[in-house]
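Engineer: First the structure, then my questions, so here it is.
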Amino acid sequence: MKIHYLNCGTMYPRLAPWFSPYQERSCCICMLLEAGDRLALVDTGFGTADMRDLSRLGSRSNLLLNVRPDPELPAVRQIARMGLEPGRVTDIICTHLDRDHAGGLPDFPHARVHVLAAEREAALNPGDALERDRYRRCHFAHGPDWVAHDAVSEERWFGLECVRGLPGLPPEVLLVPLPGHTRGHCGVAVDTGEGWVLHCGDAYYVKEELRETGKAPVGVRAFRRVAHHHYGAAMESLERIRRIFREHGGEVRVIASHDQFEYRALFGKPLD
Ligand SMILES: [Zn+2]
């Protein structure tokens, strides 16, 4: 299985320079999985319609996230530029359905969309003001072909609960529940044949959170307090990732959506 890394959104969060310099430039790292003639996406970043009209993302988002309106960043555009046919994307796996991870769903209206069942429920029936703001109805208005997963497999993955055997996807792809940031947030683990990649979405933001002291910069911790659905669950999920990073770092590459230093490592240049 070949993984192409894509950045499908660049943000300059307005408050970050004061509270969390690590996040003053933020990417939206997505993965395009290529297995034979099949393509699958892990997260979509922002979509083409979002880039034309940022008001789709909500007023609070526009104010705080400060998304760069770049029509070339949506996954569908990047896939076409790679010489691949976007219509070959049969499956999309979302770590969660926040606007910066699911905005591109309307660009692939026929793809199956895999999420944890709790996440689909949160997005379609938001329970509080935070959920009503973070999930954008326009991203689901085309009626995605949902595949909602809620049964964890008996066989664990490096000791963690996981969902195996996703319909339509090769067995090398599995979901690793990492709730907290949102109700049904998950990681996506992919066996490349030369080691695993665990895409952690927003379960952590910068690698400092995973290292020995486990100390995130103070602004990252503050952000976690306001942006997370359930702080306690998020901290438990973070602890699971820390263990993978510590005990299996040689076998599993751990990445996060918005880590600009991961971007630099993946693309060989700083995020501009
Ligand atoms: Zn995010």
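Engineer: When residues of the range 23-63 are filtered for being open to solvent by 70 Å² or more (accessible area, probe 1.4 Å) and outside any loop (DSSP other than H, G, I, E, B), how many remain?
Structural biologist: Residues that pass the stated criteria total 6.
Engineer: Do you know which of the residues in the range 128-146 that are at pLDDT 95 or above and farther than 25 Å from Gly168 by Cβ is surrounded by the fewest Cβ atoms within 10 Å (Cβ to Cβ)?
Structural biologist: Going through the qualifying residues, I end up with Arg137.
Engineer: If I go through the range 108-123 residue by residue, how many of them are surrounded by fewer than 23 Cβ atoms within 10 Å (Cβ to Cβ) and either within 16 Å of the ligand (Cβ to nearest atom) or charged (D, E, K, R) (or both)?
Structural biologist: 2
Engineer: Specify which of the listed residues (Arg183, Arg164) is within 16 Å of the ligand (Cβ to nearest atom) and among the basic types (Lys, Arg).
Structural biologist: None of the other options fit; the residue is Arg183.
Engineer: Out of the residues in the range 77-107 meeting the condition of being of a type in the set (Lys, Arg) and in contact (Cβ under 8 Å) with a residue 40 or more places away in the chain, tell me which one is surrounded by the most Cβ atoms within 10 Å (Cβ to Cβ).
Structural biologist: Arg99
Engineer: Conditions first: (1) open to solvent by less than 10 Å² (accessible area, probe 1.4 Å); (2) closer than 21 Å to Asp100 by Cα. Phe223 passes all but one, so which condition is the exception?
Structural biologist: Of everything listed in (1) open to solvent by less than 10 Å² (accessible area, probe 1.4 Å); (2) closer than 21 Å to Asp100 by Cα, Phe223 misses just condition (1).
Engineer: Go through the range 189-272 and tell me which helices (runs of 4 or more DSSP H), entirely inside it, have 1 or more residues that are in contact with a Ser or Thr (Cβ under 9 Å, 6 or more places away or on another chain).
Structural biologist: Fully inside the range 189-272 and qualifying: 218-227, 260-267.
The values are calculated or read from the model by the stated rules, or taken from the named source; none is laboratory data. Here the structure is a predicted model, which is why all the values come from computation and not from measurement. So basically every Cβ, Gly included, is an ideal-geometry build from the backbone, and we count neighbours across all protein chains shown. Remember, those area values only see protein heavy atoms, side chains included, never the ligands or the DNA or RNA. Shrake-Rupley method; radii C 1.70, N 1.55, O 1.52, S 1.80 Å.
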